[in-house]
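Taken together, the values in this text are just the output of simple stated rules run on the coordinates, not laboratory data. In this text the structure is predicted, and so the values were computed from the model without any measurement. Cβ coordinates were reconstructed from backbone atoms using ideal geometry, including for glycine residues, and neighbour counts include every protein chain displayed.
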Amino acid sequence: MKSKLWVFRNIDPAQQAALAQALSISSATASLLLARGVTTLDQATAWMSPIRSHDPFLIPDMERAVDRLHQAMSRQERVCFYGDYDVDGMSATSIYLSFFRRLGANVCAYVPHRLREGYGLNENAIRKLVVEGVTLLVTSDCGSTSHREVALANQLGLDVIVTDHHQTDEELPPALAVMNPHRRDAQYPFNGLCSGGLAYKVASAYHAKYGPGSVPVDSLLDLVALSTIADVVPLQDENRAFVREGLTQLSRGTRCGIRALKLVSGVIRACTTETIAFKLAPRLNAAGRLDDAIKGVQLLTTESESEAKQLAEHLEQLNHARQQLESEIMQEALAQVEAREVPSAIVLASRQWHLGVVGIVAARLVERFHRPAIVIAINDKGIGKGSARTVPGFNLYEGLASCRDLLVAFGGHPSAAGVTIQEDRLPDFAERFAALAGVWAQATQNVPTLHVDSEVRLDEVTLRLLQEIDTLHPFGAGNPEPMFAGKRLEIMNARVVGEKHLKLTLRQGRSLAFDSIGFGMKSLEEQGLSLRTPVDVAFTPELNHWNGLDRIQLRIRDMRPTASE
């Protein structure tokens, strides 16, 4: 493991001491709050207390949307919930279905096929839904830039309500309602909601205005947690409360589809953010990558144990196939990259690659080379569709916008996006996009960094500190796991466990000895260290349950020799 550049958060010692005294918390916990931009007593109290949910009617067009939904309910109109093929789209669609179906609404769901239809609203689907008698279309995780498609729907007598959190154009599509926290005129106090969170807000607003239904609104938070974590939106503000309660529901497995999914995923303990990110979400996403994402919606909404079991087992098979495809494409991508000097941004394409897994490969390339990456699958008509991922600081959406004249289409977030491009435009696009990334990298001196909340003494790492840290859960995007640094630590012993994990016992002066684990770090010698070398260690403290006992363990994130005084 090559040591990274450690960047310590800028902590004001006076503010740190004031927060610690006012809240009766440790100085280490106070440093965590300050590192997250929490500087006042009121803000700190809010972070460490139950979080109040914001008024859903502050979201633009919310009242218009729930009024139209109620009208459709009253008239028994056919309503279609149209979602994206990722976990956020599936979960949001499932929230709508679960809530309005139990109210007696005449509802259906539609998720476009990734390969045949592509992302977002498409004209053929709209025409098909109109023929089937749909009069109200509610999108999830798409629609913010679908001007032509929404206009067609209007012409065909179909009202459209958009719920989406992707970046918007200056001009909104001509929908009945566009509920997007990124609208320039949005007054909602938090713009970090994903589409699952927005669907939950719609259900909450409907409940508030037209009375409770047979589905308690808060029982939908398991689906909100799925979408929030899988879509990597910031775990700040009310998202933290949604995910905390949602994880409790996921752990209980109150939804039979979730129970079946946990079973095939081998999840037997309480669900965490990592459970969703690395176990549940990949299996749900496998449906959209290699098959039909509507199967994910069916799994999340079914009330049949046997159907849930069958669907979960199918998703498990798809996930295995996805892993095999990913491995093959990754090897081919690496061969392309390593055959030349690595550019400032990686743009790769092939006619042999599967569109369903290019996003994962792009993410792997970012991890390996620490630069933006776009991986594109080209079809037999010479049209390439791909996924883009980036490093912290480089805004993908802005970068792609600077290349819009070379693209057929693009969209997404600053950190993840999709592109459509003609094959003959690829060389020019790759050159310009790499040049943009190169200018940015030169200006920012882009190197792999590790953000450290604060330096601590090992005698400050106590059960009390871990209890205080627990109040800041859940951790994820926008609320990262605590990262502390301990300096001039003594390595008392070291060994390799499980072939590639480095197990250490560390001490600082006369402190207690701490068990420590560096996953994937292999031997001490491979780190260029020895038992005689004092080390600085960046770590996350955690409780390790073993043989019925709880002990504090340091999970090592990086390690380097202590610099000479």
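Summary table
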| quantity | calculated |
| --- | --- |
| Evaluated over the range 340-444, the Cα radius of gyration and Dmax, each in Å | 12.3, 40 |
| For the range 424-490, alpha-carbon Rg relative to the globular expectation (2.2 N^0.38 Å, N residues) | 1.86 |
| Hz values of 3J(HN,Hα) by residue in the range 253-260 - Karplus curve (6.51, -1.76, 1.60), Gly and Pro given as x | x, 5, 9, 5, x, 5, 4, 5 |
| Rounded tilt (10° steps) of 195-210 against the dominant C-alpha axis of the chain | 60 degrees |
| Among beta bridges that DSSP assigns inside the chain, antiparallel share in %, nearest 5 | 60 percent |
| Dipole magnitude of the chain, debye to nearest 20 (Cβ charges: Lys/Arg +1, Asp/Glu -1, about Cα centre) | 980 debye |
| Amide H partners (placed H, <5 Å) of VAL134, local residues excluded | none |
| Sequence-distant residues sharing a close amide H with HIS501 (under 5 Å, placed H) | GLY520, LYS522 |
| Degrees, to the nearest 10: 281-290 long Cα axis against longest axis of the chain | 50 degrees |
| Per-residue [θ]222 nm for the chain (sum of -39500 (n - 2.57) over DSSP H runs n ≥ 4, rounded to 500) | -12500 deg cm²/dmol |
| Sequence-distant residues sharing a close amide H with HIS451 (under 5 Å, placed H) | VAL7 |
| Trypsin sites (Lys or Arg not before Pro) lying in DSSP loop within the range 469-565, provided at most 11 other Cβ fall within 10 Å | ARG510, ARG532 |
| Candidates per trypsin sites (Lys or Arg not before Pro) in the range 168-272, loop by DSSP, up to 16 other Cβ within 10 Å | ARG184, ARG269 |
| Debye log10 I(q)/I(0) at q = 0.10, 0.11, 0.12 Å⁻¹ for the range 166-305, Cα point scatterers | -0.37, -0.45, -0.54 |
| Share of Cα-Cα pairs in the range 56-316 lying beyond 30 Å, as whole percent | 21 percent |
| Tail weight of P(r) past 35 Å, computed on alpha-carbon pairs of the chain, percent | 42 percent |
| Positive-end residue of LEU458, LEU504, ILE552, charge dipole of the range 450-561 with Cβ unit charges | LEU504 |
| Restraint check, LYS295/LYS381; LYS201/LYS295; LYS295/LYS522, Cα-Cα greater than 32 Å | LYS295/LYS522 |
| Acute angle (nearest 10 degrees) that the helix 426-444 long axis makes with the longest principal axis of the chain, alpha-carbon atoms | 40 degrees |
| Net dipole in debye of the range 201-305 [+1 Lys, Arg Cβ; -1 Asp, Glu Cβ; about Cα centre; nearest 20] | 180 debye |
| The range 64-109: trypsin sites (Lys or Arg not before Pro) falling in loop per DSSP and having at most 16 other Cβ within 10 Å | ARG102 |
| Per-residue HN-Hα couplings for the range 400-415 [Karplus 6.51, -1.76, 1.60; θ = phi - 60°; Hz; x = Gly/Pro] | 5, 4, 6, 10, 4, 5, 9, 10, 6, 6, 7, x, x, 10, x, 9 |
| Computed over the range 340-444: relative contact order in percent, which uses C-alpha pairs under 8 Å that are six or more apart | 26 percent |
